[in-house]
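The values are calculated or read from the model by the stated rules, or taken from the named source; none is laboratory data. Quick caveat: nothing in here was measured; it's all calculated off a predicted structure. Heads up, the Cβs are rebuilt from the backbone with ideal geometry, glycines too, and the neighbour counts pull from every protein chain shown.
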Amino acid sequence: MEEQLISKKDLLELTGISYGQLYRWKRKNLIPEDWFVRKSTFTGQETFFPKSQILGRISKIQNMKEDLSLDDIADLLAPGQTDFAILPEELLKRNWVSEASVQRYLEFLPGKSSFSFFDIVFISILNQLLLSGDVHIQEGKMAVEFLDRHLELVKEGRYSLVLSRKMGVTSCFLIKNPEAMAADSETKIVVNVDLEKLGESIKNKIQ
């Protein structure tokens, strides 16, 4: 099914942005060049956009531009981008994680003035762990420090973070095929997080 298009005129009226804003955002690479579709109409050549994509993107830009510069937004919206940095307070304004999770993360890995893409992945995991009620603070700290030590493996993708507990002792693992994992009856799998899927969901939030 062909994606629905919206004309430039209708887009500007619907979103309340100006012609100048639209093309400034294009120059800043906030809106991809290939979203500007030229089509012939009875009045001549007109510009159209993939409707759902452009409306979603403009909404994100409008929500973010009060707190971030256009260059910072461009970094966040770049396809596949994982090398940007975002300040802790800016992350909290996005409401992706709780303030308690950010504060704990900074306690566990002190000295960070900004967060990378992978910091956000790790904070998101910590946020999930703390909200679940199944993991205590020290286990959350163990998971964060473990992920930080094995950052290069995390960057490769295809891994899941698994936390197991046996006779009161918690262990962390990075496993490529957690579905095929077997454990004895005394071992409880407390956490099983697909890091690649989580990373993709975060990329979708910031695109």
Inset, instruction - May I ask you to verify whether F173 is of a type in the set (A, V, I, L, M, F, W, C), touching a Cys at 6+ places or on another chain (Cβ under 6 Å) and over 26 Å from D72 (Cβ atoms)? - result: no
Legend entry - Yes/no for S171 being polar (S, T, N, Q) and either crowded, with 16+ Cβ neighbours inside 10 Å or outside the structural domain of N192 (by TED's automatic domain parsing) (or both): no
Inset, instruction - Taking the options E13, E33, name whichever one is within 26 Å of K205 (Cβ to Cβ) and without any contact (Cβ under 8 Å) to a residue 12 or more places away in the chain. - result: E33
Inset, instruction - Determine the pairs where a residue that is on the phi > 0 side of the Ramachandran plot, located within segment 188-207, has a partner that is assigned to a helix (DSSP H, G or I) and aromatic (F, W, Y) with Cβ atoms under 9 Å apart, the partner being 6 or more residues away or on another chain. - result: none
Inset, instruction - Would you check which residues across segment 38-65 are of a type outside the set (F, W, Y), assigned to a loop (DSSP other than H, G, I, E, B) and more than 19 Å from the chain's Cα centre (by Cα) and list them? - result: T43
Inset, instruction - Scan segment 110-122 for residues that are in contact with a helix residue (DSSP H, G or I) (Cβ under 7 Å, 6 or more places away or on another chain) and either outside any helix (DSSP H, G or I) or outside the structural domain of W96 (by TED's automatic domain parsing) (or both) and jot them down. - result: K112, F115
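This table checks each residue for (1) touching a Leu at 6+ places or on another chain (Cβ under 8 Å); (2) touching a residue at least 40 places away in the same chain (Cβ under 8 Å); (3) under 26 Å from L92 (Cβ atoms); (4) outside any strand (DSSP E or B).
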site: S124; (1), (2), (3), (4): yes, yes, yes, yes
site: N127; (1), (2), (3), (4): no, no, yes, yes
site: E139; (1), (2), (3), (4): yes, yes, yes, yes
site: E145; (1), (2), (3), (4): yes, no, yes, yes
site: V154; (1), (2), (3), (4): yes, yes, yes, yes
site: R158; (1), (2), (3), (4): no, no, no, yes
site: R165; (1), (2), (3), (4): no, no, no, no
site: T170; (1), (2), (3), (4): yes, no, no, no
Legend entry - Unmet criterion (only one of (1) in contact (Cβ under 8 Å) with a residue 24 or more places away in the chain; (2) under 16 Å from I61 (Cβ atoms)) for S7: (2)
Inset, instruction - Name every residue in segment 7-37 that is modelled with pLDDT of 90 or more and not in a helix (DSSP H, G or I), in order of residue number. - result: S7, G16, I17, S18, F36, V37
Legend entry - Qualifying residues in segment 110-150 (those that are surrounded by fewer than 22 Cβ atoms within 10 Å (Cβ to Cβ) and among the small types (G, A, S)) - the one nearest to E99 (Cα to Cα): S124
